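What follows is a set of notes on a single structure, which appears directly below.
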Amino acid sequence: QLDLAESGGGLVQPGGSLRLSCVASGYLPSAYAIGWFRQAPGKERESVAAISRSGLGTYYGQSVKGRFTISRDNAKNTVYLQMNGLKPEDTAVYYCAARGGGVGEIWSQYEYWGQGTQVTVSS
């Protein structure tokens, strides 16, 4: 069993930055790949980024490449999503999720989910 808790969301102006955190607790959090997903009202859940257990493997969705960076600190059981150059279309609830095995690009591959944190990009 693994519990995930996101934090760091909020309201930011276009072009601004936010850093989301996902803290994992439970049995061997470092044994899981972690992904970030987002869902805006009326839209499908979208894969944002993912990172392998070691942190050496990463994946980014096309819409965030070059703007977002995923990283992890296994000593703190925490995965970060640094978001720069935010756009209004980045507005969504952001979720972190965990899966045993390697990096997954699809939300249905993930077993454990956090409650989400709202990110709003608006002037």
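The values are calculated or read from the model by the stated rules, or taken from the named source; none is laboratory data. For clarity, every value in this text was computed on a predicted model and none was experimentally measured. Note that each Cβ is placed from the backbone with ideal geometry, even for glycine, and that neighbours are counted across all protein chains shown. We work out accessible area using only protein heavy atoms, side chains counted, and drop any ligands, DNA or RNA first. Shrake-Rupley method; radii C 1.70, N 1.55, O 1.52, S 1.80 Å.
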Residue order for Asp90, Asp73, Asp3 - accessible surface, 1.4 angstrom probe, largest first: Asp3, Asp73, Asp90
Largest-first ordering by accessible area, 1.4 Å probe, given options Lys87, Lys43: Lys43, Lys87
message: Quick query: amide H of Tyr112 versus all other amide H atoms, modeled in the peptide plane; which residues come in under 5 Å with a sequence gap of 5 or more or a different chain?
response: Ala98
- request: Return the Cα extents of region 51-123 along principal axes one, two and three, sorted largest first, each rounded to a whole Å.
  value: 39, 25, 23
message: Contact order normalised by length for region 12-123, with contacts defined as Cα pairs under 8 Å and 6 or more residues apart; what percent is it?
response: 36 percent
message: How much length would be gained if the chain were fully extended between Leu11 and Ser71, taking 0.36 nm per residue of separation minus their Cα-Cα distance, in nm to one decimal?
response: 19.4 nm
statement: Under a 1.4 Å probe, counting only protein heavy atoms, Ser54 has an accessible area in Å², nearest 10, of 80 Å²
- prompt: For region 4-56, what ratio Rg/Rh do Cα atoms give with a Kirkwood hydrodynamic radius?
  reply: 1.02
message: Restricting to DSSP loop positions (anything but H, G, I, E, B) with no more than 16 other Cβ atoms inside 10 Å of their own Cβ, which GluC sites (Glu not before Pro) remain in region 27-95?
response: Glu44
query: Per residue, how many Å² of accessible area does region 39-123 show with a 1.4 Å probe?
result: 52 Å²
query: Restricting the count to DSSP beta bridges whose residues both fall in the chain, what percent are antiparallel, rounded to a multiple of 5?
result: 95 percent
- request: Run a plain Debye calculation on region 84-123 (Cα atoms as equal point scatterers, no solvent) and give log10 I(q)/I(0) at q = 0.20, 0.33, 0.34 Å⁻¹, rounded to two decimals, same order as the q list.
  value: -0.71, -1.06, -1.09
statement: In whole percent, the fraction of accessible protein surface over region 1-96 that belongs to carbon or sulfur atoms, probe radius 1.4 Å, stands at 49 percent
